[in-house]
1. Within the stretch 89-102, how many residues are crowded, with 18+ Cβ neighbours inside 10 Å and either part of a helix (DSSP H, G or I) or of a type in the set (Gly, Ala, Ser) (or both)?
2. Across the stretch 148-183, what is the total count of residues that are within 16 Å of the ligand (Cβ to nearest atom) and in a helix (DSSP H, G or I)?
3. Say whether the condition of being touching a residue at least 60 places away in the same chain (Cβ under 8 Å) and either closer than 28 Å to PHE35 by Cα or polar (S, T, N, Q) (or both) is met by at least one residue in the stretch 132-146.
4. Just one of SER218, SER222, SER211, SER176 is out of contact with any Phe, Trp or Tyr (no Cβ under 9 Å at 6 or more places or on another chain) and without any contact (Cβ under 8 Å) to a residue 24 or more places away in the chain; which is it?
5. Which residue pairs have Cβ atoms under 8 Å apart, sit 6 or more places apart or on different chains, and have a first residue in the stretch 179-201 that is modelled with pLDDT under 95 and a second that is open to solvent by less than 90 Å² (accessible area, probe 1.4 Å) and not hydrophobic (A, V, I, L, M, F, W, C)?
6. Would you pick out the residues in the stretch 205-237 that are among the polar types (S, T, N, Q) and farther than 22 Å from LYS195 by Cβ?
7. Quick check on my filter: what residues within the stretch 193-216 are open to solvent by less than 20 Å² (accessible area, probe 1.4 Å) and more than 16 Å from the ligand (Cβ to nearest atom)?
8. Is there any pair linking a residue in the stretch 82-93 that is without any contact (Cβ under 8 Å) to a residue 40 or more places away in the chain to one that is aromatic (Phe, Trp, Tyr) and in a helix (DSSP H, G or I), with Cβ under 6 Å and at least six apart or on different chains, and which?
Amino acid sequence: MSNELNLSARDNCKIIVANWKMNGSETLLKDFATFSPSKGNDVIICVPFTLLDSAKEILPNFIKIGAQNCSEEDKGAFTGEISASMLRERGVTHVIIGHSERRKLFSETNSIISKKVETVLKNELTPIVCIGETRSEKKANKTFQVLEKQIDGSIKNLGSHIGLIVAYEPIWAIGSGLVPSDNEIKETHLHIKEKLSQFFTTYIPVLYGGSANSENCSKITSIENVDGLLVGGASLKKQDFLAICNC
Ligand code: PGA
């Protein structure tokens, strides 16, 4: 799995991840049944738990299926939770961990996120770990400090040779139509990569997320150190997501 990611990085392929959040249906999946981008980028669609089986059945084989969360526990009396091994059993390959909505609305701390990342890796799935600053943290010039703290707290002690994806998602850019400047993205991704290289010997792709769409995707993915995109709203529209996958 990590070899595949290394290859993608070397071959200049991008990793395009759809985050459907609490949206989507069998009907939307059927709409994506004929999804056929002309470029060979890696495409991962992260659907709600209830659509995992249908996604596996309906989506074209080149699309990998991802989940949007999982429990930090392996099994037991945790009503309503889903474990990483259950996801693996359903054919999932990737799991989004620590999305800002989970951090904020479901009180997920770095320590919970780090346990989730561990259990995902233990089950040989690839975690897509989200990090990002709030608008006020950005205004206070604390972006790098916040990102470093999130990396230290959630993905530092994992061993040096692992398959992991990081998604930089400025919280103020998510669903807002606002996107950082090219230079801000460039500098922030470089900073994240430098920080990650202190801990990992494997190539860790860093995706950008936050109001990515069919119009800005080519510009963003051409920025140095941007290995792909994590796309929310625009991934629910087939034509828009197709254009993004062709960037
Ligand atoms: P957005 O969401 O593309 O709708 O801004 C991105 C995300 O939350 O992952």
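The values are calculated or read from the model by the stated rules, or taken from the named source; none is laboratory data. All of these numbers come straight from a predicted model, not from anything done at the bench. With ideal geometry, Cβ positions are generated from the backbone for all residues, glycine too; neighbour counts draw on all protein chains shown. Quick note on the areas: whole protein, heavy atoms, side chains included, nothing else; ligands and nucleic acids left out. Shrake-Rupley method; radii C 1.70, N 1.55, O 1.52, S 1.80 Å.
1. The total comes to 4.
2. So the count comes out to 4.
3. no
4. Numbers: SER218 fails: without any contact (Cβ under 8 Å) to a residue 24 or more places away in the chain; SER211 fails: without any contact (Cβ under 8 Å) to a residue 24 or more places away in the chain; SER176 fails: without any contact (Cβ under 8 Å) to a residue 24 or more places away in the chain.
Just a single option satisfies the conditions, and that option is SER222.
5. That search, which allows pairs on different chains as well, returns PHE199/LYS156; PHE199/SER160; PHE200/SER160; THR201/SER160.
6. Within the stretch 205-237, SER211, ASN213, SER214, ASN216, SER218, SER222, SER235 meet the criteria.
7. Correct list: LEU196, PHE200, THR202, ILE204.
8. If the second residue must be aromatic (Phe, Trp, Tyr) and in a helix (DSSP H, G or I), the pairs left are ILE82/PHE49.
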